[in-house]
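What follows is a single structure, written as structure tokens, with notes after it.
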Amino acid sequence: MHQEDKIENHQEFISKLETSYGKFNSENKKFESTSNSKIARDLCYSDSQFSRLINGTASEGEFKRALRNVNRLLNENSLQKKNILSEKAGNRNYKKWAIYLCLLLLVGIIVLLGIQFLKEEPADTTVTNTTRYDMLKWSFENNYIQPYIKLKDLPADCNFPCYKYQGKWSLKGQYKIPFFRERNGFHYVAKEAKMYTRCMDEENQGGELFEGYEYQKHEIWYDKREFTIDSFLVADDKSKIRESYNNSDFSENENFVKVAYVHTFFRNEFTIDSNLVFRKGKTIGRDIEFLVEEKLIKDLGSQKLVKELKSEINSIARNRLEDFSKPINCEPSKVPNINFNYVKKGDELSFECQFTTGRFLVDYEKIFVLEEQYINNICR
């Protein structure tokens, strides 16, 4: 590629992006109205690929593909503006089917990530958590799939509560649960979760229903002492976990060894009823990522024990993590604000739930925090 052609392609690329993202600052290599990361996602590029393009160091092939992508994006934006009136009628149904198709594709891909664990002898996974979470993130944070209901789609009286609950939620605080297997000593630690929520306006015209697609990265620990489950439960109420257990840090206790990460794709369904939010849902896909075997042998002191623990945990995977996959049983959460129009970033939904493990029903609390709200403004 000649230097003159490269400069010309670079200038054309920047010029076309400026029509959608504001003036380009050539000194700090940023656009006026949108972050580089957001533009990269709109074009389905990584941050590093986009950096090469705006710095003019990309290859000829990269520039050609980039210009095609920009043209497609501009054409799409143009069509959206032209069809803004008809979108509320027939085109809206098409959009909903597109959303269904994309979310169904997402579910299929995530389930396939864990399918190897249904074999007789599941292998250790080496797929990173980035692969899993980024698929969910891409489905909600790009310019091609727009699953959210927008202000212009709301009814004239603005009585559509779920619109303020749309966006990205995260898990507030971790919780721990001892769980039942053929041998004692296993513990489940919920460490992090990211959930994207959207109004289910295709199923509910009143705005009381919204769904949440959630990625969870949790941990399985093993207690070398193999204490029984009830050792960690309140003596006179076997459904409640002892406060000392909840407040403990396994990483500071030499008896506890982290064995694996559990990656889960979960679909939630929420119903807003007056001052309460009801939650139901079920696991769609889940797989297990063991820690490096050399480290496990060192921490546990026995290759035989490592093999036994892996076999026990893999049996959970072969049974599709049966205990974990049962529909959740939770009490409703209070709404963050009685006036749904004032639900805002930082608000919480808190659910008191029960976890089924063997013959035990164990109480735990799961709190979601609204991290990024899709619609900040109030419908008027």
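The values are calculated or read from the model by the stated rules, or taken from the named source; none is laboratory data. It should be emphasised that the depicted structure is a prediction, and the values quoted were computed from it without experimental measurement. In this analysis, Cβ positions are derived from the backbone assuming ideal geometry, glycine residues included, and neighbour counts consider all displayed protein chains. Keep in mind that these areas ignore ligands, DNA and RNA; they rest on the heavy atoms of the full protein, side chains included. Shrake-Rupley method; radii C 1.70, N 1.55, O 1.52, S 1.80 Å.
Some observations on this one:
- Two-site FRET efficiency, GLU27 against ASP134, from Cβ-Cβ distance with R₀ of 30 Å, rounded to 0.05: 0.45
- Distance violations [Cα-Cα > 24 Å] among LYS224/LYS366; LYS258/LYS304; LYS176/LYS282; LYS172/LYS344; LYS152/LYS172; LYS194/LYS307: LYS224/LYS366; LYS152/LYS172; LYS194/LYS307
- Region 221-233 - phi-based ³J(HN,Hα) in whole Hz, Karplus 6.51/-1.76/1.60, Gly and Pro as x: 10, 10, 8, 4, 7, 6, 5, 5, 4, 5, 5, 10, 10
- Cα gyration tensor category, rounded, prolate or oblate, for region 220-307 with a/c compared to 1.5: oblate
- Packing-based order for 51-57, 173-179, using average beta carbon neighbours within 10 Å, highest first: 173-179, 51-57
- Rounded percent of accessible protein surface that carbon and sulfur make up, region 330-380, 1.4 Å probe: 46
- Karplus-derived HN-Hα couplings along region 26-41 (A = 6.51, B = -1.76, C = 1.60, θ = phi - 60°), whole Hz, x at Gly and Pro: 6, 7, 9, 6, 9, 9, 5, 10, 9, 6, 4, 5, 5, 5, 4, 5
- Packing-based ranking of 305-313, 235-243, 336-344 yields 305-313, 336-344, 235-243, ordered from highest to lowest mean Cβ neighbour count within 10 Å.
- The order of the peptides 262-275, 211-224 by mean Cβ neighbours within 10 Å, most packed first, is 211-224, 262-275.
- For region 196-262, the solvent-accessible area of protein heavy atoms averages 44 Å² per residue (probe radius 1.4 Å; ligands and nucleic acids excluded).
- Under Karplus coefficients 6.51, -1.76 and 1.60, residue-wise ³J(HN,Hα) of region 156-170 in Hz, glycine/proline x: 4, 8, 6, 7, 8, x, 5, 4, 7, 9, 6, x, 10, 10, 9
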